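Taking it in order: structure first as structure tokens, then the write-up.
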Amino acid sequence: MALRSRQPFYVTSDLRFMITIGSISREKASEDFPFLTQHYRGRRKAIKAFTHLAPDYGGFLRGRVASNFGPQIIVVYRREEALASDPIKIRQFLKGVAQLPIPLQQNTLVVSDNADIYGTLADIRQRANDVG
């Protein structure tokens, strides 16, 4: 199904494509989370170090919610395109997030462990409505 609102914007990297979709640009996201810049040495190690300060909400959410006393970030471990366009995976993710025992802000940034940016929780909720 095609998205009616925000279409994915793919940024070319030397090694792979990186997804950037939603209302937050990669540049803006990188202000709070430097490991999201397009060319960042040791990105996966930096993401792991940052997120492993937070508890792991395994099972219904394969990922971690983290914050450094500032904006929140959710790092998920799944196929790159899953939260960009797969309606089943998007609904599954939102159902899992709704069950978390911590408050989440609507502007919480959602990224993959490879630094693909899926946008904010609000963006993903809108995407769920758009894809049906």
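Could you please state how large a percent of the accessible area of the range 18-132 is carbon and sulfur, counting protein chains only and using a 1.4 Å probe?
Carbon and sulfur atoms account for 53 percent of the accessible area of the range 18-132.
Quick one: accessible area per residue over the range 29-132, 1.4 Å probe, rounded to a whole number of Å²?
That works out to 50 Å² per residue.
The values are calculated or read from the model by the stated rules, or taken from the named source; none is laboratory data. Only a predicted model underlies this, so the values are computations on that prediction, with no experimental measurement involved. In case anyone asks, the SASA skips ligands and DNA or RNA and just uses the protein heavy atoms, side chains included. Shrake-Rupley method; radii C 1.70, N 1.55, O 1.52, S 1.80 Å.
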